[in-house]
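The values are calculated or read from the model by the stated rules, or taken from the named source; none is laboratory data. Note that the structure is a prediction, hence the values are computed from the model and not measured. Don't worry about glycine lacking a Cβ; one is built from the backbone with ideal geometry, like all the others, and counts go over all protein chains shown. We work out accessible area using only protein heavy atoms, side chains counted, and drop any ligands, DNA or RNA first. Shrake-Rupley method; radii C 1.70, N 1.55, O 1.52, S 1.80 Å.
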Amino acid sequence: MKHILMTLGLAAGASVALAQTSPKITTQSIIVNPVASPLKVSVWTAKDPTGTKTPTYVAGDRMTLNVKTTQDAYVYLFNVDQKGNVDLILPNKFTSGANFIKANTTKSFPSKEDKFTFDIAGPAGLNKVLAVASKTELDLEDIAQFKEDQTTGFATVTVRGGQNGLAQALSIIVKPLPSKDWVTDVAQYQISAKVATPPVPVATTTATWKSSFKSALGLNRVYEFYANQLKAIGYEADETTTTRQQIVGKFSMADESTANLTVKQRPGTTTYDVVVTRKE
């Protein structure tokens, strides 16, 4: 995906007047149901199964998000980074992208069936993952849309304003629902600036993209970082050749487009030379 933990508590003994108001928006939370509900949702990272801490990741680390509900529900996962960028993680168009979850069943993203990994790429800072669980399916058309030419598997998020903008948009969507039929939870994670993120390939007028940089990730992780960039836009890995200081991969798409990825580590250094060549 291109582009943790404070749990939101439900207000005990909320008054009838409070129950009829819109969900609260605070600097600590994103959106909170003001009344208690038999429906509960929990979201946590694999690094913190307890769901009580804020684990730290560095660029290149792989993350797994987990979510669980106490009743059958539709679950929506949003990531808000420290710059206010919002990504809709679930639902998506990957193998495990369906968002209906049976009661007391843990859903992991990515799942073991997914052909990709969720790699941390920055920017550094605190990220929040919001889980919204609802007994009925929500209409997110005004927040996120799967465009016809979408190739990454993720919807394009149209909401602006970061955390507050997302909270306000979701408040409108859940307002018609009975308060007991929806609930939220928030997980936090920190992205450290200690390990620099490898530069991401950009669209150019040429078929070849090149970059040289230093990284503490190691040869295999650097290669996987770029391989996942290709997979995220629809490429499948066909062949990989590995030597002591170089990995070369061949990729293809269903429309017969191809790509070659070469990652070479300079002897005795942490400097890498990366070349991505695409042919349509």
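Some observations on this one:
- For segment 231-250, a residue qualifies if it is more than 17 Å from residue 220 (Cβ to Cβ) and open to solvent by less than 90 Å² (accessible area, probe 1.4 Å), and the qualifying residues are 232, 233, 234, 235.
- Strands (runs of 3 or more DSSP E) fully within segment 189-280 that include at least 3 residues being touching a Pro at 6+ places or on another chain (Cβ under 9 Å): 208-214, 271-279.
- Scanning segment 107-140 for residues that are open to solvent by 20 Å² or more (accessible area, probe 1.4 Å), hydroxyl-bearing (Ser, Thr, Tyr) and out of contact with any Ser or Thr (no Cβ under 6 Å at 6 or more places or on another chain) gives 117, 136.
- The set of residues in segment 212-228 being among the polar types (S, T, N, Q) and open to solvent by 20 Å² or more (accessible area, probe 1.4 Å) consists of 212, 220, 228.
- Within segment 118-141, residues that are under 13 Å from residue 77 (Cα atoms) and among the hydroxyl-bearing types (Ser, Thr, Tyr) reach partners that are open to solvent by less than 10 Å² (accessible area, probe 1.4 Å) and assigned to a loop (DSSP other than H, G, I, E, B) with beta carbons closer than 9 Å, at six or more positions or on different chains, in the pairs 134/39.
- Subset of segment 187-218 [at pLDDT 80 or above and over 24 Å from the mean Cα position of the chain (by Cα)]: 207, 208, 209, 210, 211, 212, 213, 214
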